[in-house]
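The values are calculated or read from the model by the stated rules, or taken from the named source; none is laboratory data. Just so it is clear, the model here is predicted, and its values are computed rather than measured. Here the Cβ is made from the backbone with ideal geometry for all residues, glycine too, and neighbour counts use every protein chain on show.
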Amino acid sequence: MTGISTDILEEAGDWPDVAQIGRTAARAFDMAALYLEIGGIETEVSLVLTDDQHMRVLNRQWRSIDKPTNVLSFPAMPVRPGQKPGPMLGDIVLARETILREAAEQEKDAGEHLTHLLVHGFLHLLGYDHIEDEDAEAMETLETAILSRLGIADPYAGATV
């Protein structure tokens with residue numbers, strides 16, 4: 001296993017069983033690190049559990065998009081894909097209402113959708129992005145492979161652009 005520690009702040013929203021979310025995050029981060037062959041890293045990830053109202057403020061402030069989103073990632077230091085991260089990887093912020101709404105709309109299990117977003121946010125902290133189509137395809141392929149190892153079906157199957 002890896003040495004990824006997770007610090008959780010329940011800032012807002014009606015989040016059930018924060019300890020379980022921590023276990024889910026640890027499992028997702030460990031699998032991603034092992035899949036990316038960076039197992040054995042010693043780093044920390046902070047999870048901020050919040051609601052749509054706070055996420056909207058963050059999204060507007062950092063991305064100039066005036067609406068909530070499901071996940072935002074804030075790397076502590078710039079990291080390139082494949083580079084070993086430092087002692088503090090960064091923050092992943094999750095919005096409960098958006099996650100639940102998306103899971104319902106997409107007819108997905110909410111826990112599996114949360115796990116997908118944890119993997120997605122973790123990859124962002126490791127320098128992956130999806131701005132360009134080629135990068136988006138590579139990131140989606142990584143997410144799908146990591147989630148498969150966690151027993152979760154391809155979250156992009158059947159998705160339309």
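Would you confirm whether any residue within the range 138-153 is assigned to a loop (DSSP other than H, G, I, E, B), in contact with an Asp or Glu (Cβ under 7 Å, 6 or more places away or on another chain) and buried (at least 16 other Cβ atoms within 10 Å of the Cβ)?
yes
Within the range 8-49, which residues are within 21 Å of PRO78 (Cβ to Cβ) and either surrounded by 16 or more Cβ atoms within 10 Å (Cβ to Cβ) or at pLDDT 95 or above (or both)?
PHE29, ALA32, ALA33, LEU36, ILE38, ILE41, THR43, GLU44, VAL45, SER46, LEU47, VAL48
Criterion first (within 22 Å of ILE146 (Cα to Cα), basic (Lys, Arg) and not in a helix (DSSP H, G or I)) does ARG80 satisfy it?
For ARG80, the condition - within 22 Å of ILE146 (Cα to Cα), basic (Lys, Arg) and not in a helix (DSSP H, G or I) - is met.
Give me a count of the residues in the range 84-120 that are touching a residue at least 40 places away in the same chain (Cβ under 8 Å) and of a type in the set (Gly, Ala, Ser).
4
Could you check the range 117-137 and list, in sequence order, the residues that are in a helix (DSSP H, G or I) and more than 17 Å from ALA25 (Cα to Cα)?
ASP133, GLU134, ASP135, ALA136, GLU137
How many residues are closer than 16 Å to ILE38 by Cα and more than 17 Å from the chain's Cα centre (by Cα) if we restrict to the range 81-110?
So the answer is 5.
Six or more apart or on different chains, Cβ atoms under 9 Å: show the pairs whose first residue is in the range 31-46 and closer than 21 Å to VAL93 by Cβ and in contact (Cβ under 8 Å) with a residue 24 or more places away in the chain and whose second is surrounded by 17 or more Cβ atoms within 10 Å (Cβ to Cβ) and of a type in the set (D, E, K, R).
So the pair list comes out as ALA32/GLU143; VAL45/ASP91; SER46/ASP91.
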